[in-house]
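**Student:** If you scroll down you'll find the structure; I have some questions about it.
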Ligand code: DC
């Protein structure tokens, strides 16, 4: 049976994971966060003191880092060599390193297969940078979700402040701009809008408005929902 796949791509902090998770819950789909897989690889690199510029060492590390995905009460967990690292991958340090090491082809090839297998086995909403263009070019619905760098930095600032972490808005925005540049200009699978993706700017939309629009796009692209 062919499953329905929804691909959501966009820059860091556009709200992809929040929207995809909420839409998946409403539709009964599985939410696949591909950034988490790249982050687990970056955590391995960090823990083993490998330089981000060391392409050969990172390629070798791909053979040693065993990354798997599990679902616990609908929530995705990422495991690295037998350890649940779902929380450890969420730091700014890991996020920035992830953007640096995800430029390498061996890293991308390693995770591509895992992502395609998940999409073949269930109805999924998958988010990332290259889902509509590379991972699932045949996805029935594709969305390019974005927001201005300032709005994205403000959202991140609020998130960190709520966790009691001290942070600087301008520094966060600069990190976001640098990360966007790297993700959009790398040689392999750069972030870009797929030709058949719907562009959705979330800067001035509420979470609920965006989730409803995502579901509407899926219906326009053929998703049948039981009333
Ligand atoms: O979505 P995120 O912030 O968790 O992603 C972290 C980094 O991972 C991002 O800056 C680039 C990389 N990434 C990627 O190259 N391809 C994907 N499909 C998902 C993430």
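Since every read-out is calculated from the coordinates, none of them should be taken as a lab result. Note that this is a predicted model, so its numbers are computed, not measured. Heads up, the Cβs are rebuilt from the backbone with ideal geometry, glycines too, and the neighbour counts pull from every protein chain shown.
**Student:** Filter the helices (runs of 4 or more DSSP H) completely within the stretch 1-97 down to those with at least 3 residues that are more than 13 Å from the ligand (Cβ to nearest atom) and buried (at least 16 other Cβ atoms within 10 Å of the Cβ).
**Tutor:** 16-27, 55-64
**Student:** Output the qualifying pairs, or none if there are none: Cβ atoms under 7 angstrom, residues six or more apart or on different chains, first residue in the stretch 100-128 and without any contact (Cβ under 8 Å) to a residue 24 or more places away in the chain, second residue crowded, with 19+ Cβ neighbours inside 10 Å.
**Tutor:** That search, which allows pairs on different chains as well, returns 112/135; 116/135.
**Student:** Check 193, 115, 140 and return the single one that is within 13 Å of the ligand (Cβ to nearest atom) and surrounded by 13 or more Cβ atoms within 10 Å (Cβ to Cβ).
**Tutor:** 115
**Student:** Still on this structure: Which condition breaks for residue 164 when tested against (1) more than 10 Å from the ligand (Cβ to nearest atom); (2) without any contact (Cβ under 8 Å) to a residue 40 or more places away in the chain; (3) at negative phi; (4) surrounded by fewer than 18 Cβ atoms within 10 Å (Cβ to Cβ)?
**Tutor:** Residue 164 satisfies every listed condition except (3).
**Student:** With the checklist (1) part of a helix (DSSP H, G or I); (2) exposed (fewer than 13 other Cβ atoms within 10 Å of the Cβ) in hand, flag the one item residue 226 doesn't pass.
**Tutor:** Going through (1) part of a helix (DSSP H, G or I); (2) exposed (fewer than 13 other Cβ atoms within 10 Å of the Cβ) one by one, residue 226 breaks only (1).
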